[in-house]
Amino acid sequence: MNYRHAFHAGNHADVLKHIVLMRVLDYLLRKDKPLAVLDAHAGIGRYDLKGAEAYKTGEWKDGIGRLLAEPLPEKVRALLATYLNIIHDLNPDGAMRFYPGSPEIIERLLRREDRIILNELHPQDADTLTARYSADKRVRVTRLDAAVAVKAALPFAERRGLVLLDPAFEVAGEMEKSARMLDHIIRRMQNTTVLAWYPLKASGDEAPLLTQAAALPCSGTLVAELRVREGFAEGGLAGSGLLVINPPHTLKAELEELLPTLAVRLGIGEWGRGSVRELTPPH
Ligand SMILES: C[S@@+](CC[C@H](N)C(=O)[O-])C[C@H]1O[C@@H](n2cnc3c(N)ncnc32)[C@H](O)[C@@H]1O
């Protein structure tokens, strides 16, 4: 396992993923009933942008750095308030130094009665996660392959929940593996909300994942994508996408408001494009 998320923390893909995660949690937490969240590829939870890895790539500067470089339109700011507050809490003097990963966002937003499973296969990153979050009684850290973690955690006893699939896509076959995990999740718990991140490249490798997701027996699926640059044949991220299975009914309109600003702020030159569409309609 070579991938370390610390090199990429706060980039355009993180910004899209974490904003969607925050909007979905915001909705799920409105209901007065306990919730379980499985973060199946958790990383280390929060990232020092001045640390050696993030400093080396500087990817965050074209992500969260550009998003926050100028004041945001009022409606966008209101929809992002929870995300911006977390960033502010981590950086009280206003200078961007620490960026929240998905575990940090989940841990800060969930309530006392909720439950959090943070799963990470990389031994060193799993140690960091344990050191940071295991004192929190709501949190359990596991060190499984994500496909095993999904089978172990589902169905949630709470009967309400969210699963985040955020693979590193560093080995062949990750799209197929994500599709299989989605199938397992929905077969075990048809009503759970799932966020599944995927890279957008010139090769269009995501097409089979979307085709298989469209066949899932769930209450609708949204596809949100943010392209930031031209796709090159040699590879490299042109942008990223998120499948949202069993999405909140509020999410599509929120993303229609947010994505144009994300595309303008994070797109390179004229390449910025944001879109949200129903892969399958709600029923
Ligand atoms: C994109 S990063 C996760 C970032 C994190 N979700 C966030 O938003 O802050 C992907 C993580 O998955 C871990 N990983 C890679 N293969 C895995 C596997 N088969 N099962 C579980 N975790 C894996 C990597 O070590 C890496 O930390």
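A few points about this structure:
- Candidate set: the stretch 7-21, residues that are more than 9 Å from the ligand (Cβ to nearest atom) and more than 9 Å from the chain's Cα centre (by Cα); chosen: the one farthest from S275 (Cα to Cα): F7
- Considering the stretch 110-125, and only residues there that are surrounded by 20 or more Cβ atoms within 10 Å (Cβ to Cβ) and of a type in the set (A, V, I, L, M), the residue that is nearest to the ligand (Cβ to nearest atom) turns out to be L118.
- Verdict on L72 being within 16 Å of the ligand (Cβ to nearest atom) and either farther than 28 Å from I186 by Cβ or loosely packed, with under 13 Cβ neighbours inside 10 Å (or both): no
- Residue list for the stretch 23-57, restricted to those being of a type in the set (D, E) and at pLDDT 95 or above: D26, D32, D39, D48
- Restricting the stretch 142-163 to residues that are under 18 Å from the mean Cα position of the chain (by Cα) and away from the ligand (no atom under 12 Å from the Cβ), the residue that is surrounded by the most Cβ atoms within 10 Å (Cβ to Cβ): G161
- Test for A238: is it among the aliphatic types (A, V, I, L, M), under 18 Å from V15 (Cα atoms) and more than 16 Å from the ligand (Cβ to nearest atom): yes
- Close pairs (7 angstrom Cβ cut-off, 6 or more residues apart or separate chains): within 21 Å of H5 (Cα to Cα) and touching a residue at least 24 places away in the same chain (Cβ under 8 Å) in the stretch 149-174, more than 8 Å from the ligand (Cβ to nearest atom) and in a loop (DSSP other than H, G, I, E, B) anywhere: V163/T192; E170/N2
The values are calculated or read from the model by the stated rules, or taken from the named source; none is laboratory data. Small disclaimer: the values here were computed from a predicted structure and weren't measured. Every residue, glycine as well, gets a Cβ built from its backbone with ideal geometry; the counts of neighbours run over all protein chains shown.
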